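Colleague: Handing you a structure now.
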Amino acid sequence: MKSPSYHAARWAEPIITELGSEGRCGLFIEDAPDALDLMPRALRRTSAPVLPSLSEPEVFRHYLHLAQMTLGMQGVSLFGTCTMKYNAPVSEAISWRPEMAETHPLQDPETLQGSLAFIHGLDRMLRSLSGMDRFVFQAGGGADAAYTHCAVTRAWLAARGELGKRDEIITSIQSHPCNPATAATAGFKVITLTLEENGYPSLEQLKAAVSDRTAALMIGNPDDMGIYNPEIREWVDVVHRAGGLCFYDHANFNGVMGKIRARELGFDACMFMLHKTFGAPKGGNGPSVGAYGCSAELEPFLPAPLVNEENGHYRLVQPGAGASGHVREYLGNVQQVMKAYAWTLAMGADGIDEASDLSVLANNYMDHRLSTIRGLSHSHPHLTGWRMEMTRWSMETLCRETGVSVFDVQRRMTDFGIDAFWLSHEPWLVPEPFTPEAGEMWSLEEIDRWLDVLETVVAECYADPETVRTAPHRQAIRQLDQSHINDPARFATTMRAWKRKSAVIPA
Ligand SMILES: Cc1ncc(COP(=O)(O)O)c(C=O)c1O
């Protein structure tokens with residue numbers, strides 16, 4: 001078999017609160033009588049917290065064992081729409097230095113000149129990649145940056161006396177769900193356009209949707225299917241003619257880095273995700289940053305403070321009266337901005353351009369091999385144009401012929417030490433969807449290893465579907481019983497979830 005042999009560690013060990021023994025201690029914290037005096041009497045504990053008593057090596061071993069049980073499958077991760085990147089340990093090491101880790105957002109900006117220099121430096125580099133006039137890094141992720149746009153739009157409308165009059169935001173069904181969600185959170189009505197034969201909504205649909213109530217268009221390009229809209233320039237013109245703003249959700253930027261600039265397409269604002277495209281850690285290794293950039297016209301409405309430079313000296317500029325206010329505290333996750341700055345500087349303009357070329361090559365290589373695997377199909381198979389980054393695929397045929405679902409295949413791949421692939425954002429327009437993305441950081445052997453494993457699992461689906469359906473078999477634990485997930489009496493994290501599951505309100 002071409003696929004790697006793998007088995008996760010399995011430690012039969014109690015949970016941490018059951019480990020250790022009374023009186024054992026890993027860390028001695030000095031009494032801090034002054035601090036106690038500062039604490040109002042009513043807030044002080046009356047009894048000691050119930051914490052496990054362990055030595056430092058015991059704690060270390062416990063978490064090491066947990067990591068051995070869970071991290072083995074973090075091998076090759078062709079996780080679409082997330083653009084997995086190499087996260088250089090040198091950036092991590094710099095972020096631990098006291099000059100970074102021990103700064104306080106309210107300290108005198110004179111003592112923060114280094115941090116302000118790289119915030120300003122990344123702002124300038126993203127301006128040149130997008131054509132925008134100013135970037136801010138306050139948002140704690142992509143969805144937060146989409147929300148920033150809604151907040152800026154509100155402030156812009158208020159300044160023009162149009163708040164409440166222009167109350168509609170237009171998006172498409174395959175833009176990331178954070179676009180409609182943040183628009184609704186910010187109080188806008190959402191108009192969602194549907195996909196047509198060519199894989200994106202028609203210009204006619206857009207023309208029918210715009211009106212004097214249009215506040216903005218919020219759209220991803222490529223969308224979640226991985227399809228680019230070749231008419232996007234005309235879309236921007238249609239929305240501008242109706243008096244609205246255009247926001248480009250540029251989270252999936254990898255395939256066009258250095259090739260297209262959002263401002264040149266006419267967009268008023270865009271967002272990049274530092275934890276996707278710009279080398280800062282993604283997901284569980286967060287925290288993340290959504291870089292929000294806009295035109296000079298929208299700059300007065302940005303959440304502040306902004307970082308300005310004069311003769312090599314940096315200062316924080318506070319908001320004007322009409323600004324949108326904070327979307328997050330202070331300057332956001334500054335350490336992530338530093339990591340993205342280091343990545344961008346190290347790559348240089350040529351490196352970024354080359355990374356984009358490599359990622360398109362890698363994705364098309366991956367797509368080509370996927371098209372040779374039985375039971376898999378491309379979304380919109382009649383479209384022959386290149387998908388530059390991730391591509392939406394489907395296991396519909398495989399599922400029909402074998403009874404094995406995309407979830408089963410996903411779980412079985414982890415048995416070979418391969419990170420589970422990404423399925424699809426909601427709604428699922430393609431049955432049994434999955435969305436791989438190779439990107440520029442994986443070697444040919446690594447991409448082949450991932451594809452070999454998928455090929456092996458698909459062959460198993462036809463030869464021995466039960467093995468796939470009952471996977472995983474080589475993880476620390478077997479398949480979890482999820483039957484209680486929809487039972488409100490056993491699993492509901494919020495009152496709203498409880499009501500939905502109890503069918504008190506519709507799903
Ligand atoms: C196109 C797109 N926009 C926005 C987001 C939201 O980003 P975040 O998860 O950082 O909030 C994602 C997340 O994957 C995305 O793919």
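Colleague: What do you reckon, how do 200, 248 stack up by accessible area (1.4 Å probe), largest on top?
Modeller: Working: 200 25, 248 0 Å².
Descending accessible area places them as 200, 248.
Colleague: Now for a separate question. State the percentage of accessible surface on the range 192-269 attributable to carbon and sulfur atoms; use a 1.4 Å probe and exclude ligands, DNA and RNA.
Modeller: Roughly 48 percent, rounded to a whole number.
Colleague: What per residue convex hull volume, in Å³, do the alpha-carbon atoms of the range 319-401 yield?
Modeller: 220
Colleague: Between the alpha-carbon centers of the range 449-507 and the range 1-30, tell me the distance in whole angstrom.
Modeller: 26
Colleague: To continue, here is another question. Restricting to bridges with both residues inside the chain, how much of the DSSP beta-bridge set is antiparallel, in percent to the nearest 5?
Modeller: Numbers: 19 of 36 bridges.
Rounded to the nearest five, the antiparallel share is 55 percent.
Colleague: In the range 364-413, which trypsin sites (Lys or Arg not before Pro) fall in coil by DSSP and have 16 or fewer other Cβ atoms within 10 Å?
Modeller: 374
Colleague: What would the Debye formula give as log10 I(q)/I(0) at q = 0.08 Å⁻¹ for the alpha-carbon point model of the range 81-476, no solvent?
Modeller: Ignoring solvent entirely, the Cα scatterers give -0.45.
Colleague: In terms of Cα to Cα distance under 20 Å, which lysines are near enough to residue 207, apart from those fewer than 8 places away along the same chain?
Modeller: Cα-Cα hits under 20 Å: 165, 189.
Colleague: Something else: Is the shape of the range 287-445 best called rounded, prolate or oblate, per the rule: a/c under 1.5 gives rounded, else a/b larger than b/c gives prolate, else oblate, with a ≥ b ≥ c the square roots of the Cα gyration tensor eigenvalues?
Modeller: Values: a/c = 2.63, a/b = 2.11, b/c = 1.25.
Judged from the Cα gyration tensor, the range 287-445 comes out prolate (a/c at least 1.5, a/b above b/c).
Colleague: Restrict the search to the range 145-174; then list the trypsin sites (Lys or Arg not before Pro) that DSSP places in a loop and that have at most 12 other Cβ atoms within 10 Å of their Cβ.
Modeller: 160, 165
Colleague: What trypsin sites (Lys or Arg not before Pro) does the range 257-351 have in DSSP loop regions with at most 14 other beta carbons within 10 Å?
Modeller: When the trypsin sites (Lys or Arg not before Pro) of the range 257-351 are filtered for loop state and at most 14 Cβ neighbours within 10 Å, 259 remain.
Colleague: Lysines within cross-link reach of residue 339: Cα-Cα under 26 Å, excluding same-chain residues under 8 positions apart?
Modeller: 85, 259, 276, 282
Colleague: Here is a further query. What whole-number value in cubic angstrom gives the convex hull volume per residue for the C-alpha atoms of the range 67-120?
Modeller: Per residue, the Cα convex hull of the range 67-120 comes to 154 Å³.
The values are calculated or read from the model by the stated rules, or taken from the named source; none is laboratory data. Everything numeric here is computed off the predicted structure, so don't read it as measured data. Heads up, the Cβs are rebuilt from the backbone with ideal geometry, glycines too, and the neighbour counts pull from every protein chain shown. Calculation scope for accessible area: heavy atoms of the full protein, side chains included, ligands and nucleic acids excluded. Shrake-Rupley method; radii C 1.70, N 1.55, O 1.52, S 1.80 Å.
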